[in-house]
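Every number here is computed from the coordinates shown, using simple stated rules; none is lab data. Keep in mind that what you see is a predicted model, and the values were worked out from it rather than measured. For neighbour counting, all protein chains shown are included, and Cβ atoms are generated from backbone atoms with ideal geometry for every residue, glycine included.
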């Protein structure tokens, strides 16, 4: 058991450290122990007694049959949806089995009701899909998805074999560098056949998603792009926890969104807010509430970022449980609030959160990645979904350069157990100028560290990491265990308790350039 990182270790990490992204090989379709959480409270969130509407457009009346080819089912279900919408709206019923389909297009004034015995399923080839989605809607209004059935993505068919095996036993030593390597080695990175999300709603309005199960997504599970007035409640996301880029609820450029009483178990971020020009966004997003949810994530349970060129504000996250079962390492961070590509992220409230095995309870980060100057809508996701290069170009470098701000953030009433990293709050210094996280309040924290030996890893300085992907693990082994803060203005710490640390070489709290 190695308990100290030597100078040679540090040089080896700096010069020869490798990202364990697997980029070759056929799809790896084996389901391994630990791919799915042992905790699956389906009946807590799904009402299987939901009544099937009497008056509806039954897809079987249009030719759908669970034994039919995907082309037949796709055509039949689409005809039912189109006729329902054209005749003034109503309910389209998917019942009687599992229907393999390619992309289904929702229409305005249509409720898609998938009954408890039924599912819409992707094929296993990834061929035949458009708009990177199994179900897609654009410029629609008054749409709903419900019924207690499933939308099934066969996500296991679209990733490559991971570099290592799933790990279950905690490491004997808390070492962030080793932790990240172990975690990356378990990921099934994208195969070129990956087709996209289970549900994409693009510029839709008045949306309801309730009493539905999203299962085995191949990519971002439920993506809301530039939508308005969306209610999601009593929904379940149940994914393989090693399929790369399988975010749960991906709220992108959307406003007036309420996510309530949902369960998410997934590989990437559980519930994430994004607002970037390369995603198709064109203005601020605001008024978003997440509450009464349980989230299991191999990445971040709740996150704002990283794609943030336009403003995000008036966000409330409350009364949630963020945790990890079975696997090691745990969730990267319980709450991650980031502004890194030009956005002003402000007026954020996070309260009444229970965490267990979230390595970093809270990560608040202002930096200047300025990714819009490097990517386009065509190239941004080439590591996840392979696209041909388009003729569009990145925006001028100065358009979003050093424009990000992060201020007016309140995080309170946090109870976190089995923690391995400190709460981290950091602005940045770049090109001889400093930008501060401003007016951040951390109140009523009760943190208990995992009972393990800490790696001894004293460093001469902690780099700014201003330009790179923002993540708490990026900062590696920090010299504080309770709070590490740098470049903050008006940072308030009230009733902050951290216990479980024994004979640590680290300090409880470190504040650098905090004014």
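Computed from the C-beta positions of residue 42 and residue 108 and an R0 of 30 Å, the FRET efficiency is 0.45 to the nearest 0.05.
Against the chain, whose longest principal axis is taken from its Cα atoms, helix 7-16 shows a tilt of about 30°. Computed over the chain, relative contact order equals 11 percent, with contacts defined as Cα pairs under 8 Å that lie 6+ residues apart. Each of the peptides 158-171, 449-462 was scored by the mean count of other Cβ atoms within 10 Å over its residues; in descending order, highest first, they stand as 158-171, 449-462. Compared with the dominant principal axis of the Cα atoms in the chain, helix 70-86 is inclined by about 80°.
Across segment 264-515, C-alpha contacts under 8 Å between residues 6 or more apart give a mean separation that, scaled by the residue count, equals a relative contact order of 16 percent. Summarising the label geometry, the points placed 7 Å from Cα in the beta-carbon direction at residue 231 and residue 54 lie 2.4 nm from one another. When both bridge partners sit in segment 264-515, DSSP labels roughly 5% of those beta bridges antiparallel.
Using DSSP, restrict attention to beta bridges with both residues in the chain and report what percent are antiparallel, rounded to the nearest 5.
So the antiparallel bridges in the chain amount to around 5 percent.
Ordering of 213-219, 32-38 by packing is 213-219, 32-38, highest average first (other Cβ atoms within 10 Å, averaged per residue). If R0 is 51 Å, the Cβ-Cβ spacing of residue 169 and residue 401 corresponds to a FRET efficiency of close to 0.70. When each of the peptides 295-306, 395-406, 136-147, 350-361 is scored by the mean number of other C-beta atoms lying within 10 Å of its residues, the order from highest to lowest reads 295-306, 350-361, 136-147, 395-406.
Cα centroids of segment 204-275 and segment 96-169: how far apart, whole angstrom? The two parts, judged by their Cα centres, are 12 Å apart.
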